[in-house]
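A.B. asks: Mind having a look at this structure? Questions to follow.
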Amino acid sequence: MRTKCLWAVMALLCFSLLSAGCGSKKAAAREQAAQEEQQRILREALDKAASELNVKIFFDFDQAALKPEAKRILTRKAEIMKEYPQLMLTLEGHGDERGTTEYNLGLGKRRAQAASDFLVKQGIASSRLSVVSYGKDRPQDPGHNPAAWAKNRFVEFKASY
């Protein structure tokens, strides 16, 4: 009788251990699924924020000064970047077709740098920003008139994370 009791207790213990092992595997799987869902939600939020950061700002002829509308747009970009500290931003300066290649590369860089400086003053770390100039090499509008030139004087923003 004692042996039967001992075997019954041993069987019960083994069953309990096996059940506990299965429970911990289920808990680990649930935790893994929850983490994956959180990462998916974060990626979606970052994608949405990155698309909002892509709004361009425009400049007057031969100018790198920020217009009031550009400052409003940049203020919103700073808010987004503060909300999502993992976001990085590349600022790409552009110019219209008038002037030399060298001049437009410099002007594009000054435009992108003006936007970068504004973001830094809004509290964004300069390490999260990079500046590049394409000058007149990547026109948004291939036309050769004042309307096309106005469209080609901009800073474009590329977000990454």
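The values are calculated or read from the model by the stated rules, or taken from the named source; none is laboratory data. Please read these numbers as outputs of a predicted model, since none were measured by experiment. With ideal geometry, Cβ positions are generated from the backbone for all residues, glycine too; neighbour counts draw on all protein chains shown. Heavy atoms of the whole protein, side chains included, go into the accessibility calculation; ligands, DNA and RNA do not. Shrake-Rupley method; radii C 1.70, N 1.55, O 1.52, S 1.80 Å.
A.B. asks: For the stretch 106-124, indicate whether the set of residues that are in contact with a strand residue (DSSP E or B) (Cβ under 9 Å, 6 or more places away or on another chain), hydroxyl-bearing (Ser, Thr, Tyr) and under 27 Å from Asp141 (Cα atoms) is non-empty.
C.D. replies: Looking through the stretch 106-124, at least one residue is in contact with a strand residue (DSSP E or B) (Cβ under 9 Å, 6 or more places away or on another chain), hydroxyl-bearing (Ser, Thr, Tyr) and under 27 Å from Asp141 (Cα atoms).
A.B. asks: Filtering the stretch 105-149 down to residues that are part of a helix (DSSP H, G or I) and over 23 Å from Pro68 (Cα atoms), which residue is least open to solvent (accessible area, probe 1.4 Å)? Talk me through it step by step, then tell me what you get.
C.D. replies: Narrowing the stretch 105-149 to residues part of a helix (DSSP H, G or I): 105-121, 126-128, 146-149.
Of the ones still in play, those that are also over 23 Å from Pro68 (Cα atoms) are 105, 127-128.
Working: Leu105: 67, Ser127: 93, Arg128: 35 Å².
Here the answer is Arg128.
A.B. asks: Further question on the same structure: Answer with yes or no whether Ala64 is more than 22 Å from Arg153 (Cβ to Cβ), in contact (Cβ under 8 Å) with a residue 40 or more places away in the chain and either in contact with a Lys or Arg (Cβ under 9 Å, 6 or more places away or on another chain) or part of a loop (DSSP other than H, G, I, E, B) (or both). It would help to see each step written out before you state the result.
C.D. replies: Details: more than 22 Å from Arg153 (Cβ to Cβ): no; in contact (Cβ under 8 Å) with a residue 40 or more places away in the chain: yes; either in contact with a Lys or Arg (Cβ under 9 Å, 6 or more places away or on another chain) or part of a loop (DSSP other than H, G, I, E, B) (or both): yes.
No; evaluated as a whole, the condition is false for this residue.
A.B. asks: A further question follows. Can you name the condition, by its number, that Gly143 falls short on among (1) more than 30 Å from Leu42 (Cα to Cα); (2) at pLDDT below 95?
C.D. replies: (2)
A.B. asks: So is Lys77 in contact with an Asp or Glu (Cβ under 9 Å, 6 or more places away or on another chain), modelled with pLDDT of 95 or more and more than 18 Å from Ile124 (Cα to Cα) or not?
C.D. replies: Against the criterion (in contact with an Asp or Glu (Cβ under 9 Å, 6 or more places away or on another chain), modelled with pLDDT of 95 or more and more than 18 Å from Ile124 (Cα to Cα)), Lys77 does not qualify.
A.B. asks: Right, next: Consider only pairs whose beta carbons are under 9 Å apart and that are at least six residues apart or on different chains; among these, list those whose first residue lies in the stretch 105-133 and is at positive phi and whose second residue is part of a helix (DSSP H, G or I) and loosely packed, with under 15 Cβ neighbours inside 10 Å.
C.D. replies: Hits for this filter: Gly123/Lys82.
A.B. asks: Would you point out the residue of the stretch 55-84, among those that are over 15 Å from Phe118 (Cα atoms) and open to solvent by 90 Å² or more (accessible area, probe 1.4 Å), that is nearest to the chain's Cα centre (by Cα)?
C.D. replies: Among those that are over 15 Å from Phe118 (Cα atoms) and open to solvent by 90 Å² or more (accessible area, probe 1.4 Å), it is Glu83.
A.B. asks: Then there is this: Mind telling me which of the residues Glu97, Glu92 ends up being among the acidic types (Asp, Glu), within 30 Å of Arg43 (Cα to Cα) and surrounded by 15 or more Cβ atoms within 10 Å (Cβ to Cβ)?
C.D. replies: Residue meeting the stated conditions: Glu92.
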